[in-house]
Amino acid sequence: MSSSFPTCSQFRVSIVGSGNVGSALAQRVAEKNLADVVLLDVVRGRPQGLALDLMEARGVERHDRHIFGTNDYLDTANSDVIVITAGLPRKPGMSRDDLLLTNAKIVRDVVKQAIAHSPHAVIIVVTNPLDVMTHLAWAVSELPPHQVMGMAGVLDSARFQTFIAMELNVSVSDINATVLGGHGDLMVPLPRYSTVNGIPITELLPETTIDKLIERTRNGGAEIVELMQTGSAFYAPASSACAMVEAILYNKSRLLPIAAYLQGEYGLNEVFIGVPCRLGCGGIEKIIELNLTESELTALHTSAKSIRENIDRANQLLAATV
């Protein structure tokens with residue numbers, strides 16, 4: 001079937017997993033006119049139906065991107081970017097780490113098959129627990145670290161931005177927020193580096209209010225899970241992944257907080273964790289080291305320690321299933 005997939009641009013993005021995040025991302029990428037999209041899933045008919053639905057919207061949205069649904073990894077061949085959204089979503093009361101073994105198996109198998117057909121692609125991981133799954137994807141792919149990354153900090157920072165805007169009743173367009181660390185309860189929002197039109201929020205909000213916004217940011221995904229009961233967030237994650245896809249495809253050299261592989265930065269080694277990076281056509285062009293206070297650096301190291309423990313757990317669980 002791959003030979004029947006037409007392309008109208010030099011870019012192809014493959015999204016593995018046609019659940020809510022994957023389908024919303026396919027819509028974002030196509031309707032922003034960024035690239036042609038291959039939407040892949042193991043469920044027969046689902047990606048094909050979603051792709052046809054999105055294609056039929058072209059007459060309204062006025063774009064000529066092709067969206068192709070498939071169950072065959074051969075159709076993802078020669079992708080520029082592969083986004084992995086496949087995996088089980090959280091349910092009420094579950095942490096991201098509760099998904100560890102099931103999603104580790106899925107990500108391992110997905111990466112092996114996808115990278116076989118697109119050995120030069122940049123991989124973006126969205127599946128939770130994000131930092132652990134990104135490390136696993138890198139290890140399985142055997143790609144250079146700059147070609148594998150996790151979507152975490154963009155989403156966490158966007159949530160922090162939103163909550164700041166709501167609290168101050170100002171336009172979110174004037175807000176830049178910075179969140180480092182793992183994508184979970186130990187993430188590290190940085191008020192000193194979070195500003196409204198250049199003014200740090202520490203000068204605009206009392207410490208108690210900032211603490212509440214930080215706590216809501218850390219629980220942003222869980223809050224949505226509790227409200228929805230039968231699903232988890234997907235619009236904001238899809239938008240966040242789309243920002244990364246655009247930066248890579250169009251060589252934007254954007255400074256974005258993403259889960260990257262550290263090799264000495266921030267005093268950390270051999271771990272994927274959220275830090276500011278310059279993102280362009282080759283993937284991660286540069287990891288930016290911020291001047292952190294002792295407490296901020298300690299929080300980042302605590303987050304990294306938790307990620308390492310879960311990586312070890314995931315590897316042990318996977319080894320036991322072989």
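The values are calculated or read from the model by the stated rules, or taken from the named source; none is laboratory data. All values reported here derive from a predicted model rather than from experimental measurement. Here the Cβ positions follow ideal geometry from the backbone for every residue, glycine too, while neighbour counts run over all protein chains shown.
Quick look at the values:
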quantity	calculated
Within the stretch 19-38, tally of residues that are part of a helix (DSSP H, G or I), surrounded by fewer than 23 Cβ atoms within 10 Å (Cβ to Cβ), hydrophobic (A, V, I, L, M, F, W, C) and over 17 Å from the mean Cα position of the chain (by Cα)	0
Residue in the stretch 149-159 that is over 17 Å from the mean Cα position of the chain (by Cα) and modelled with pLDDT of 95 or more present	no
Pairs with Cβ under 6 Å, 6+ apart, first in the stretch 286-305 and buried (at least 17 other Cβ atoms within 10 Å of the Cβ), second part of a loop (DSSP other than H, G, I, E, B)	303/182; 303/186; 304/268
Strands (runs of 3 or more DSSP E) wholly inside the stretch 239-316 that include at least 2 residues being out of contact with any Leu (no Cβ under 8 Å at 6 or more places or on another chain)	254-263, 283-287
Residue, surrounded by the most Cβ atoms within 10 Å (Cβ to Cβ), within the stretch 62-78, restricted to residues that are under 27 Å from residue 44 (Cβ atoms) and among the charged types (D, E, K, R)	65
Neighbours by Cβ (under 7 Å, 6+ apart or cross-chain): first from the stretch 208-221, surrounded by fewer than 16 Cβ atoms within 10 Å (Cβ to Cβ); second not in a helix (DSSP H, G or I)	none
Of all residues in the stretch 146-176 being part of a loop (DSSP other than H, G, I, E, B) and touching a residue at least 24 places away in the same chain (Cβ under 8 Å), the one that is surrounded by the fewest Cβ atoms within 10 Å (Cβ to Cβ)	170
Single residue of 260, 177, 165, 247 found to be at pLDDT 95 or above, small (Gly, Ala, Ser) and touching a Lys or Arg at 6+ places or on another chain (Cβ under 6 Å)	247
